[in-house]
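Remarks on the structure that follows.
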Amino acid sequence: EPEVTQTPSHQVTQMGQEVILRCVPISNHLYFYWYRQILGQKVEFLVSFYNNEISEKSEIFDDQFSVERPDGSNFTLKIRSTKLEDSAMYFCASSEEGQRDEQYFGPGTRLTVT
Amino acid sequence: AQKITQTQPGMFVQEKEAVTLDCTYDTSDQSYGLFWYKQPSSGEMIFLIYQGSYDEQNATEGRYSLNFQKARKSANLVISASQLGDSAMYFCAMREGYRNAGNMLTFGGGTRLMVKP
């Protein structure tokens, strides 16, 4: 069964450093998303991406965040200058256009900023 | 106001019994979708079931069913014949707007379900 994959599973970085989180969405899906979940809290939407551009973003997704689809398979989230409060689980998700629009989530990347 | 409210932070259920996890939502859109996800202790988010606002019948997926009461704006998840592996966090989520698969999901705070042997 096709699935969303994410790398790395765990990333530790120092405050102020740049990190890139990687995702490979399900191959026939056209919509891609990033969500985050701070430990013990609800899942929060960051950004959605379609047709090589951002279609929607939350107020969390400020100038330090960016997304890119560098090739036909990868979807990345870059955090330019990490802060302690960026520590969270980051989930990538994808969905296909059509009858069913459920979003399938990857296993997540746990980001720890020290 | 919260868009998705899950009032049960934690619940216990005896193995093999049924359990209902509550979810109420708030939207002024006529078209929306409601989702339930399971998050085991390993952390991944597993899609369980989907209900569209125009779907006339309650959604079912194996042991999962969704008790959709549109007038009350509730979308409760029913798990029949609970298994030990059902112990996890369960999140209700909503997509507002036209069904075009490009809309963000708004999540509730979750319910932790614990199945007792």
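Check the stretch B:79-92 and report whether any residue there is within 8 Å of chain A (Cβ to nearest Cβ), buried (at least 19 other Cβ atoms within 10 Å of the Cβ) and not polar (S, T, N, Q). Yes, the conditions are met somewhere in the stretch B:79-92.
Against the condition at pLDDT below 95 and under 10 Å from the mean Cα position of the chain (by Cα), how does residue B:54 come out, does it pass? Break it down stepwise before answering.
Values: at pLDDT below 95: yes; under 10 Å from the mean Cα position of the chain (by Cα): no.
Considered against the rule, which asks whether it is at pLDDT below 95 and under 10 Å from the mean Cα position of the chain (by Cα), residue B:54 comes out as no.
Can you pull out every residue in the stretch B:68-117 that is farther than 15 Å from residue B:5 by Cβ and polar (S, T, N, Q)? Hits for the stretch B:68-117 are B:80, B:82, B:83, B:87, B:100, B:103. Scanning the stretch A:30-45 for residues that are hydrophobic (A, V, I, L, M, F, W, C) and crowded, with 21+ Cβ neighbours inside 10 Å gives A:32, A:34, A:43, A:45.
Just the residues that are of a type in the set (Val, Ile, Thr) and at pLDDT 95 or above, please, taken from the stretch B:12-48. Show your work before the answer.
Start the filter on the stretch B:12-48 by keeping residues that are of a type in the set (Val, Ile, Thr), which leaves B:13, B:19-20, B:24, B:27, B:46.
Once the filter is applied, which keeps residues that are of a type in the set (Val, Ile, Thr) and at pLDDT 95 or above, the stretch B:12-48 yields B:13, B:19, B:20, B:24.
Against the condition surrounded by 13 or more Cβ atoms within 10 Å (Cβ to Cβ), more than 14 Å from every other protein chain (Cβ to nearest Cβ) and touching a residue at least 60 places away in the same chain (Cβ under 8 Å), how does residue A:78 come out, does it pass? For residue A:78, the condition - surrounded by 13 or more Cβ atoms within 10 Å (Cβ to Cβ), more than 14 Å from every other protein chain (Cβ to nearest Cβ) and touching a residue at least 60 places away in the same chain (Cβ under 8 Å) - is met. Within the stretch B:44-98, the residues that satisfy the criterion of being out of contact with any Ser or Thr (no Cβ under 9 Å at 6 or more places or on another chain), within 21 Å of residue A:107 (Cα to Cα) and part of a loop (DSSP other than H, G, I, E, B) are B:44, B:45. Quick one: would you say residue B:95 is of a type in the set (D, E, K, R), buried (at least 21 other Cβ atoms within 10 Å of the Cβ) and within 12 Å of chain A (Cβ to nearest Cβ)? Taking the combined requirement at face value, the residue satisfies it. Elements of the type strands (runs of 3 or more DSSP E) sitting completely within the stretch A:8-109 and holding at least 1 residues that are of a type in the set (Val, Ile, Thr): these cover A:10-13, A:19-24, A:43-50, A:53-57, A:65-68, A:75-79.
The values are calculated or read from the model by the stated rules, or taken from the named source; none is laboratory data. These figures come from a predicted structure and were not determined experimentally. Positions of Cβ are backbone-derived with ideal geometry, glycine not excepted, and every protein chain shown enters the neighbour counts.
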